[in-house]
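Novice: Structure incoming, see below.
The values are calculated or read from the model by the stated rules, or taken from the named source; none is laboratory data. These figures come from a predicted structure and were not determined experimentally. Cβ atoms come from the backbone with ideal geometry, glycine included; neighbour counts cover every protein chain shown. These area figures cover heavy atoms from the full protein model, side chains too; ligands, DNA and RNA do not enter into them. Shrake-Rupley method; radii C 1.70, N 1.55, O 1.52, S 1.80 Å.
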Amino acid sequence: MDQARIDSLRAQPVAPVQHIIDGVSRPASDGGTMDVISPLDGQVLTQMARGTARDAEDAVAAARRAFDDGRWAGLAPAARKAVLLRWAALIEANALELAVLGVRDNGTEIGMAFKAEPMSAAGTIRYYAEALDKIYGEIAPTSPDVLGLIHREPVGVVGAIVPWNFPLMIGAWKLGPALAAGCSVVLKPAETASLSLLRMCELGQEAGLPPGVLNVVTGEGGVVGQAISESMDVDVLVFTGSGPTGRRLMEASARSNMKRVYLELGGKSPNIVFADAPDLDEAAKVSAAGIFRNSGQVCVAGSRLLVERSIHDAFVERLVAAAERMKMGDPLDPATNAGAVNSLRQLDQNLAFVAEAQAAGRRVLTGGTRILEETGGYYMAPTVVADVDPADRIAQDEVFGPVLAVIPFDTEDEAIAIANGTDFGLAAAVWTANLSRAHRMVRRIRAGVVHVNTYGGADATVPLGGVKQSGNGHDKSLHAFEKYLDLKTAWIKL
Ligand code: ADP
């Protein structure tokens, strides 16, 4: 990556941003704005529209009109595909600009952000563009005097509420299949990561998305997000974020039009290292990256390390060394391994988790502190807490920071009991050279994805979704279409 180019982008002022409603850039209905604070230095980066409920309703109305008149859903699939492919190309052509803007807003290290944000988003949109004209209806095996046709139709207006850790990647996981299916969308980015996602959506307009098909309303979750979730005219709501907000969205659906609600709510993912792991050095390095990259602000982060007791001390020593080798700091330096914590609120929350564990007698082996405070930014040292009890809050609740809880185990059964002993079920990993054990563990761990001898790194071809209170429904892969396409039967008497 070209540091000089990154530095010149970093130095550019960021113009204030507004909603995109019905293809037009618009301020909030009451003119309200909010400061965008950069976690790199705690300074105001720019202002964005502080959306109102009225803005959300206008955006839903625009999406409804666009859907009902068929300006997008009614196009030949090849025409929709051409627009989405152009959009993917535009995102790639502007990848570094998008990545740097996003990093200044949310703090992810640029090395990861460049790949995981614009490049991954472009790949996702291209994947669904290419898939959209390969979806067929069905003919049912009925008796010969009738014809049972099964059509697949776009569900209509989709509300998408997304978080701040990977706004482009997760945004594209929703927008790609929703738009490819022919739906119209009202998108609500997170308060602390709206800029790059808005810019990506502007590129969508440039690529030829008709007005009203993709609307973006910025502002507070409790106002804009809530209005979307309570709308009588949103057919499907898709969300990635915290459990408490997910619960509110289900309640809002029940109170309003019973829209379908698909939630991805994070996890407390167990990373399980057996004594027979093929390469303990590799396991330590990958496990450290699996929790500390993006300062732990990753929904699938391996935040609980379960280590077989016979190798516990030796392995934890390697892991602490790997954590201490990580280069923390300036997210716009490509050599940085983990950048800023997204907000002061999140940093305080992370530190409180560690303080509570410490007060309960758990051992902080490394980290546990705010660092680089002189920058004005929000940074935290990679933190390893040992002697954790599986029932501790630090082993049960999602910290969403660079904090690893280490728990020893003796047997496979005990590892399974600990692994499955939380309310979550998003991701997991198993490190073992024993093929049978690997498959047994994959079957017995209750999670949407189980990695074996690696952590993370899946691509667009496989689904991601949680079980238990990690959510429902799936992003990525062809299965994501299931959220955005309805089945309709035609029963024809011959
Ligand atoms: P976090 O606490 O990590 O920021 P949230 O679940 O609060 O996670 O945020 C994820 C997304 O949900 C953000 O876009 C946020 O604005 C939105 N959000 C927050 N509260 C609500 C709410 N009451 N209704 C709808 N959306 C909300």
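Novice: What FRET efficiency would be calculated for the residue pair residue 254, residue 115, taking the C-beta separation as r and a Förster radius of 35 Å, to the nearest 0.05? Before the final figure, lay out the partial values.
Specialist: Values: r = 39 Å, r/R0 = 1.12.
So the FRET efficiency works out to roughly 0.35.
Novice: Any chance you could get the radius of gyration and Dmax over the Cα atoms of the chain, in Å?
Specialist: Computed over the Cα atoms of the chain, radius of gyration and Dmax are 23.0, 79 Å.
Novice: What per residue convex hull volume, in Å³, comes out for region 270-459 when only alpha-carbon positions are used? Show your work: numbers first, answer last.
Specialist: Details: hull volume 21.3 nm³, N = 190.
Per-residue hull volume (Cα only) is 112 Å³.
Novice: To test your reading of the geometry: what angle, between 0 and 90 degrees and rounded to tens, separates the Cα axis of helix 53-68 from the longest principal axis of the chain?
Specialist: 60
Novice: Here is a further query. If we count every other residue with Cβ under 11 angstrom of residue 393's Cβ, Lys/Arg +1 and Asp/Glu -1, where does the sum land?
Specialist: Net charge around residue 393: -3.
Novice: Using the basic label-point model (7 angstrom from Cα toward the beta carbon), what is the residue 349 to residue 387 distance in nanometres?
Specialist: Taking the two extended label points, one gets 2.8 nm.
Novice: Okay, moving on. Rank-order 23-34, 339-350, 185-196 by packing density, defined as the average count of other C-beta atoms within 10 Å over each peptide's residues, highest first. Display every interim value, and only then the final one.
Specialist: Details: 23-34: 15.2, 339-350: 21.2, 185-196: 26.5.
Highest to lowest by the protection proxy: 185-196, 339-350, 23-34.
Novice: Starting from the Cα of residue 476, draw a straight line to each of the aspartates and glutamates and keep only those under 15 Å, dropping any in the same chain fewer than 8 residues away.
Specialist: 117, 130, 264, 459
Novice: While we're here: Using each residue's phi in region 475-485, evaluate 6.51 cos²θ - 1.76 cosθ + 1.60 at θ = phi - 60° and report the 3J(HN,Hα) Karplus result to the nearest Hz, with x for Gly and Pro.
Specialist: Residue by residue, region 475-485 yields 8, 6, 6, 5, 5, 4, 4, 4, 6, 10, 10 Hz.
Novice: What do you reckon, how do 264, 230 stack up by accessible area (1.4 Å probe), largest on top? Walk me through the intermediate numbers first.
Specialist: Values: 264 5, 230 70 Å².
Result, largest first: 230, 264.
Novice: Please list the non-local residues whose amide H lies under 5 Å from the amide H of residue 366, H modeled 1.01 Å from N, same-chain partners needing a gap of 5 or more.
Specialist: 384
Novice: For the chain, what does the relative contact order come out to in percent, with C-alpha contacts under 8 Å and a separation of six or more? Before the final figure, lay out the partial values.
Specialist: On the way: 1162 pairs, mean separation 89.3, N = 494.
With pairs under 8 Å counted, the relative contact order is 18 percent.
Novice: Then there's this: Over region 24-152, average the accessible area per residue using a 1.4 Å probe and give it in Å², no decimals. Please list the in-between numbers first.
Specialist: On the way: 5510 Å² over 129 residues.
Spelled out: the 1.4 Å probe surface of region 24-152, per residue, equals 43 Å².
Novice: Could I ask something else about it? For residue 486, what residues show an amide H to amide H distance below 5 Å, using hydrogens built from the backbone and excluding near sequence neighbours?
Specialist: HN-HN under 5 Å from residue 486: 153, 155.
Novice: Sticking with this structure for a sec: Could you work out the local net charge near residue 251, counting Lys and Arg as +1, Asp and Glu as -1, over the other residues with Cβ closer than 15 Å to its Cβ?
Specialist: Numbers: positive: 247, 248, 255, 259, 260; negative: 230.
With Lys, Arg at +1 and Asp, Glu at -1, the neighbours total +4.
Novice: Would you work out what percent of the accessible area of the chain, with all protein chains in place, is carbon or sulfur (probe 1.4 Å)?
Specialist: On the way: 10200 of 18990 Å².
Result for the chain: 54 percent of the exposed heavy-atom area is carbon or sulfur.
Novice: Given labels modelled 7 Å from the Cα in the Cβ direction, how far is it in nm from residue 41 to residue 479?
Specialist: 4.5
Novice: Per residue, how much accessible area does region 270-459 show when a 1.4 Å probe rolls over the protein heavy atoms, in square angstrom?
Specialist: Values: 7360 Å² over 190 residues.
Each residue of region 270-459 exposes 39 Å² on average to a 1.4 Å probe.
Novice: So which aspartates and glutamates pass the test for residue 285, namely a Cα distance under 19 Å, with those fewer than 8 places away in the same chain ruled out?
Specialist: Of all the aspartates and glutamates, those that pass the test against residue 285 - Cα under 19 Å, at least 8 places apart if same chain - are 109, 276, 308, 313, 317, 324.
Novice: Rank 19, 439, 151 by accessible area, highest first, at a 1.4 Å probe radius?
Specialist: Numbers: 19 0, 439 115, 151 80 Å².
So the residues, ranked largest to smallest area, are 439, 151, 19.
Novice: Determine by what factor the alpha-carbon radius of gyration of region 172-322 differs from 2.2 N^0.38 Å, reporting the quotient. Spell out each step's value before the answer.
Specialist: Values: Rg = 20.5 Å, N = 151, 2.2 N^0.38 = 14.8 Å.
Scaled against compact globular proteins, the figure is 1.39.
Novice: What relative contact order, as a whole-number percentage, does region 270-459 give when Cα pairs under 8 Å and 6 or more residues apart are counted? Mind showing how you got there, number by number?
Specialist: Details: 365 pairs, mean separation 53.0, N = 190.
So the answer I get is 28 percent.
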